[in-house]
Structure formats: C-alpha cells, structure tokens
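Since the structure comes first, as structure tokens, the remarks are kept for the end.
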Amino acid sequence: MTFRFTLPTLIAAVFLLSAPAIAQDSTDSASLDSALSALHSGANQKALDELRVLLSETPHDPALLTNAGIAAARLEQWGLAAGLLRDAVEVAPTENAPRQALDFVLAKLPVKEISHSAEFWETYRENVLSGVSLYWLALIGAPLVLLVGLLVLRFIADRRRALVDEEPMPRVGPAHVAAILLLVLHLGLLMTKVMDRGQPRGTIIETKIAAHSAPDSQSPSLFELFAGLEVLILRENEAWAQVRYPGGPTGWIPKSALHFALAPAGG
C-alpha cells in the first residue's frame, strides 16, 4: 500500500507503523499506546515528547522514529522532522513510509539548499547507499564469501587433479568470474557503506543559524544554515560543532541547533 503524504493524511503512516514498533523492540506498551493515542487525537506536542522518551530507550526503532517525525511535521518543526525521518530511512532503507514522509517534509523546507558544488560521494550516497542496509549487506556477505571460497577451492582441486593426471588445465568459467565480480562489488558497497556510517552527520533544527569562523558567537559569521539542511559534523568543541555543508563551506554552530544523526546500532 502506498500513501500520498499531506498534513491531513500523514497520520495514515502511524497506523501502519504502530504495530512494528511494538514487535521490534521491548518498548513499554502503555507509554507507546499513550503516545500513539495523543498523535491520533492531534495532541502532537504530547505525542512528540512521549515518543522521544521512548526513543531514548530504543533509538533504532524505525516505527518510533517515523511516528516522532510525523508528530514534528504536524507541529511544523521541519528541521527536527527531517532529522528524525532521515534516521528512520537510515535504519530501514527499504520501508516506503519513512522515505515518503521524509520527501514530504523536505518539500516543505523554506530553504532546500545553499550554494555548493556537486560532489561524487554525495551523489553516490543519495542514489546508491541510502537504499541499502548495512545490516543486510553484512548478512549477505557471509554466504557470498563462502560461495566464492568454495568455487576457488574447487578450482584449485581441479587444477591439482589435472596436474597429477596430466590432463588439460581447467579454465576459469563464467561462474567463477561472475561470483568474483559479485563479491568485489559487494565488498565495495559494504566498505563504502561503513565509511559513510562512520561520518557523523546532523540536521539543522533552527529556522536559521549563522555559521561562525570559530566556536564563539563573537567570531565573524561566514554563512547561514536553515532548518532541515543536512550537514557533516567534522569535530566538536564543548557546546559547539564544526560542520560542513556537503560540497559547500565549513563553519562552527551551536550544538543546540543540530539534531545529531543516529550512530550505527551497537556503536
């Protein structure tokens, strides 16, 4: 089932996602029921507050993240909504509801981008990496390595047998080439996904924030960032974070202006 996301119909995703939230994690059922009831009744701030409490216990639950993002969107907190929904998409990249909700929120942003240069990595990330799960890449990798290993061992055994029997050497067949190429592609995808997850990111939650040349509000302002824009977090200094807009400039902003993206589960 697909949804056309508008503010009156955003709640549709909540009905679909409330059950997975209970099934996936050992969330307090009463608290979850209270949060979803508040969201259904239009008490969006109450729902958002309660969902964020639940997220502090189970931060990688895509249903909770999506519901919280929807609550923030209904409050027109577009920056926070974008950050929460980006987390949901990262955790569950194959789910349609979080991605559709994120697309809806991004379309509502007053400023959708600032001046920047196109970067291959960001294009690759958006078009390829954002659609795959690190968990599934790792899970698929084990049998793939086993398959290629068995093919290689069998090929070596056939060569030894041919040497002993003085027969023609076996040739590398299409199956060997295909398996090795598949393994190389998979490992490349896995490595770049790990690299991407290792780069801290965040979403601007303030309507507008000035980026400074140093971690000090008295330092010169270099440029402005707007709600919903995603930035790379380069380093932190007490209450400040040095960020870079992808393909664009670098500056310091208060941490309070950021929704920090989720770290990988278990990390």
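Computed values, structure above
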item: Cβ-Cβ under 7 Å pairs, at least 6 apart or on other chains, the range 149-167 side under 21 Å from residue 181 (Cα atoms), far side in a helix (DSSP H, G or I); result: 151/175; 151/176; 151/179; 155/176
item: Helices (runs of 4 or more DSSP H) (entirely within the range 29-114) containing at least 1 residues that are under 26 Å from residue 224 (Cα atoms); result: 62-74, 78-91, 96-108
item: Pairs, first of a type outside the set (Gly, Ala, Ser) in the range 62-82, second assigned to a loop (DSSP other than H, G, I, E, B), C-beta under 6 Å, six or more apart; result: 62/92; 70/10; 78/109; 78/227; 78/228; 80/205
item: Test: residue in the range 214-225 that is buried (at least 19 other Cβ atoms within 10 Å of the Cβ), touching a residue at least 12 places away in the same chain (Cβ under 8 Å) and touching a Leu at 6+ places or on another chain (Cβ under 8 Å); result: no
item: Enumeration of residues in the range 213-226 that are within 19 Å of residue 260 (Cα to Cα) and either in contact with a Pro (Cβ under 7 Å, 6 or more places away or on another chain) or of a type in the set (Asp, Glu) (or both); result: 224, 226
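Read the figures in this text as sums done on the coordinates, not as results from a lab. All figures in this text were calculated on a predicted structure; none of them were measured in a lab. Neighbour counts are summed over all protein chains in view; Cβ atoms, including those assigned to glycine, are modelled from backbone coordinates with ideal geometry.
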